[in-house]
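For reference, the structure is listed below as structure tokens.
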């Protein structure tokens, strides 16, 4: 799948995160802001990369503003943003797990 | 020794789109947690809430509480995808809103069975419950309650029901027939019955008055919209020490009579018959499961 338009998902409430995505031709750029970046920054980025890889997303600008979300919330919000930013959503349920 | 009594006193509603509530609600220890994908979620967030609930259901902390998801009606563009998500995520119970006929349950069951087969989940492991929200649903409550072996309960949803009846919420008299109809259907089907939400979370006295009424009618529990109501509800449903003492004496008298081959039981000069003994055993089971009222 390919990100073809800007899309947004999530909120800036506590325990949530805001995800903004935009098209890029051939690179994946992840910008991560988090209140817990010292402790969990690497783990959040790993979850983001894993979630995108399972969706077959290898290019795009991914901007994440984290407010202390659990990993499952990060996955859900990122998948929602991708679903909104692609032309044809083809992910099956196993790719979302 | 028999299995502990399954209590379904409190069913806590959580908006499926609220990450903070979904991440923490288990700490309040309701008997059932109901993630809502229907009325509590705006149209533009249906996709987001569905994925959030899909992932939340897999959290280990939710394996220790009965999980329920209220999906959107299968007649909407969202219902079937909701169902795909929650059955695959391992939800315990699917709650169908606006259930008017047994065919609504049959249609839901067919889709659940297809998804279970597709994803390798044991067929029959997804339980169902129906929300009765209209005059049609109340009239058809018995057929709905008995529509599937998967059914674990039916719930009355007050606001939609009173709108359909062209009235409004008041002192409870407007719900009297519907409560009785839903309850009788549930008892006939041997499934649980859940009462309406009490929406004024600051009116503890009013809440407890309604709880006392629905407990006396025979409901198993109540849908809740605020965690503050959980302890109040659980305590109101717990037997008192006096009730448990009496129940133990009844059971002891019954066992003594049985050992002596006596058909008639007497306790304190009063005749005790089989329904009273059965009720006493239920009181003890409830006390074992919930503790005593404080």
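Values in this text are rule-based calculations from the coordinates and carry no lab data. Since we're looking at a predicted model, the values are computed, not measured. FYI the Cβ positions are ideal-geometry reconstructions off the backbone, even for glycines, and counts take in every protein chain you see.
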Could we say that residue B:39 is closer than 22 Å to residue B:220 by Cβ and away from chain A (no Cβ under 14 Å) here?
no
Out of the residues in the range A:42-78 that are touching a strand residue (DSSP E or B) at 6+ places or on another chain (Cβ under 8 Å) and within 8 Å of chain B (Cβ to nearest Cβ), state the one that is surrounded by the most Cβ atoms within 10 Å (Cβ to Cβ).
A:69
Within the range B:31-57, which residues are out of contact with any helix residue (DSSP H, G or I) (no Cβ under 6 Å at 6 or more places or on another chain), surrounded by 24 or more Cβ atoms within 10 Å (Cβ to Cβ) and farther than 19 Å from residue B:127 by Cα?
B:49
Would you confirm, using the coordinates I've provided, whether residue B:69 is within 26 Å of residue B:133 (Cα to Cα), at the interface with chain A (Cβ under 10 Å from one of its Cβ atoms) and in contact (Cβ under 8 Å) with a residue 24 or more places away in the chain?
no
With (1) over 20 Å from the mean Cα position of the chain (by Cα); (2) part of a loop (DSSP other than H, G, I, E, B) as the list, and residue B:197 as the residue in question, which single condition is left unmet?
(1)
Residues in the range A:10-30: is at least one without any contact (Cβ under 8 Å) to a residue 24 or more places away in the chain and away from chain B (no Cβ under 14 Å)?
no
Residues of the range B:94-107 satisfying the condition of being part of a loop (DSSP other than H, G, I, E, B) and on the phi < 0 side of the Ramachandran plot:
B:97, B:99, B:100, B:101
Is at least one residue of the range B:238-249 under 23 Å from residue B:12 (Cα atoms) and surrounded by 14 or more Cβ atoms within 10 Å (Cβ to Cβ)?
yes
Considering only residues that are within 12 Å of chain B (Cβ to nearest Cβ) and either over 14 Å from residue A:5 (Cβ atoms) or in contact with a helix residue (DSSP H, G or I) (Cβ under 8 Å, 6 or more places away or on another chain) (or both), which ones fall in the range A:79-94?
A:79, A:80, A:82, A:83, A:84, A:89, A:91, A:92, A:93, A:94
Any hit, the range B:13-25, residues being closer than 30 Å to residue B:287 by Cβ and more than 17 Å from the chain's Cα centre (by Cα):
yes
The range B:15-30, residues that are surrounded by 23 or more Cβ atoms within 10 Å (Cβ to Cβ) and more than 10 Å from chain A (Cβ to nearest Cβ)
B:16, B:30
Name every residue in the range B:108-130 that is in contact with a helix residue (DSSP H, G or I) (Cβ under 8 Å, 6 or more places away or on another chain) and either assigned to a strand (DSSP E or B) or buried (at least 22 other Cβ atoms within 10 Å of the Cβ) (or both), in order of residue number.
B:108, B:112, B:126, B:128, B:130
